[in-house]
Amino acid sequence: MVLKKLTETILSDKCINSPDVIIVYTLPKVGQSTMFLSCKQAFPDIPCFRTQNILKKKAAMDLLSKSSTRNIAVITGVREPVSWALSITAQGIHEERPNLISDFNLGKISAREAVQIVREFIQTRGLFEHYETWFAQQASKFTGIDILSAQFDHPRKRIIIANDQQAPQYRILGFRYEDTQSWPDILAEFMGFEQIPIKVGNVALFKEYSLFYYEAVMGISYPMDMLNKLYSSKIIRTFYNDREIKGFKTRWSKPMPDCYSFYIRDFMKKLTGSDFEYIRNAYERGGSKQYQKPSLDS
């Protein structure tokens, strides 16, 4: 695909220039891999890094310290906190206790036990606390820009802001995990191109822990007083509106109905062999402007 650069793209009365470096600076499990792979594919000549802690990226820090690095594009994203924590937990348990995932897949661990294991992992690791403080401690601190003071553009589904200094100049794109179908347009607008293909990466559906993950999604719930506190944080209020926040709190205040969870379990268990490969290939097919997650109705 030939990328056609826009004649002019305005950001705070300034034209967007090609950045000297692209940093996909997010928490994991919010679309970090997809944004990183998409930028690497679309802009092979621009150094691109992904991280949740820039200080641990020596190559990035070395490049940023050079006087020639003047324009820095930072791409950061969010995801509503309960689904984010569940995704982090499923992968974390798989990495730390792979036998547990195997036992669950073999039916040696019940759904109720799996949900309790997930709940304890989220609590002991302080995942919700980490979620609430990450922006202030990482992306905002690094760029010197209070990202959470910006106004999220709901029609365009993004935040785009920049600092006022000449060098280095940080331009920041803030996106939401829930707006996957808008990512091509969001990324293209930010980078000043008409179209950027999205390259999908790190999909939970195709992981060894997928059954465990979806069981947790279906079975976990939290008291409403806890959800009220969780969804009143600054990060949530910046990126989500009242209607969306109400929907999240309603969703996680009780487990999914048994009839629906049975349908999902049945679908996941049938997702093997050629059917699995067909859906995965369709999901990961590149080159199109938009993609859709596999539907349970397909």
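The values are calculated or read from the model by the stated rules, or taken from the named source; none is laboratory data. None of the values given here were measured: they were computed from a predicted structure. No Cβ is skipped: glycine too gets one built from the backbone with ideal geometry, and neighbour counts run over all protein chains shown.
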Restricting to the range 1-30, and then to whatever is over 20 Å from Tyr170 (Cβ atoms) and at pLDDT 50 or above, can you tell me which residue is surrounded by the most Cβ atoms within 10 Å (Cβ to Cβ)? Lys29
Would you tally the residues in the range 91-108 being touching a Pro at 6+ places or on another chain (Cβ under 9 Å) and among the basic types (Lys, Arg)? 0
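Given the structure, is Lys66 more than 18 Å from Leu227 (Cα to Cα), without any contact (Cβ under 8 Å) to a residue 40 or more places away in the chain and part of a helix (DSSP H, G or I)?
On the way: more than 18 Å from Leu227 (Cα to Cα): yes; without any contact (Cβ under 8 Å) to a residue 40 or more places away in the chain: yes; part of a helix (DSSP H, G or I): no.
It is false that Lys66 is more than 18 Å from Leu227 (Cα to Cα), without any contact (Cβ under 8 Å) to a residue 40 or more places away in the chain and part of a helix (DSSP H, G or I).
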If the Cβ limit is 8 Å and pairs must be 6+ apart or interchain, which residue in the range 100-129 that is in a helix (DSSP H, G or I) and crowded, with 18+ Cβ neighbours inside 10 Å pairs with which residue that is at pLDDT 90 or above and polar (S, T, N, Q)? Val118/Thr89; Phe121/Thr89; Ile122/Thr89; Leu127/Thr89
Restricting attention to the range 102-151, and to residues there that are of a type in the set (Ser, Thr, Tyr) and in contact with a Phe, Trp or Tyr (Cβ under 9 Å, 6 or more places away or on another chain), which single residue is farthest from Ser210 (Cα to Cα)? Thr143
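Which of the residues spanning the range 69-99 are among the basic types (Lys, Arg) and either under 30 Å from Asn228 (Cα atoms) or touching a residue at least 24 places away in the same chain (Cβ under 8 Å) (or both)? Reasoning before the result, please.
Step one: filter the range 69-99 for residues among the basic types (Lys, Arg), giving 70, 79, 97.
Within the range 69-99, Arg70, Arg79 qualify.
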Just checking: which of the helices (runs of 4 or more DSSP H) contained wholly in the range 196-249 hold 3 or more residues that are over 19 Å from Glu178 (Cα atoms) and modelled with pLDDT under 80? none
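Outside any helix (DSSP H, G or I), in contact with an Asp or Glu (Cβ under 6 Å, 6 or more places away or on another chain) and surrounded by fewer than 22 Cβ atoms within 10 Å (Cβ to Cβ) - does that describe any residue in the range 39-60? So that I can check it myself, show each step before the final result.
If we filter the range 39-60 for residues that are outside any helix (DSSP H, G or I), which is where we start, we get 43-53, 57.
Restricting the remaining residues to those that are in contact with an Asp or Glu (Cβ under 6 Å, 6 or more places away or on another chain) gives none.
So far as the range 39-60 goes, no, none of its residues is outside any helix (DSSP H, G or I), in contact with an Asp or Glu (Cβ under 6 Å, 6 or more places away or on another chain) and surrounded by fewer than 22 Cβ atoms within 10 Å (Cβ to Cβ).
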Out of the range 139-153, which residues are under 23 Å from Asp179 (Cα atoms) and buried (at least 19 other Cβ atoms within 10 Å of the Cβ)? Ala139, Ile147, Leu148
Phe142 being at pLDDT 95 or above, outside any loop (DSSP other than H, G, I, E, B) and of a type in the set (A, V, I, L, M, F, W, C): no
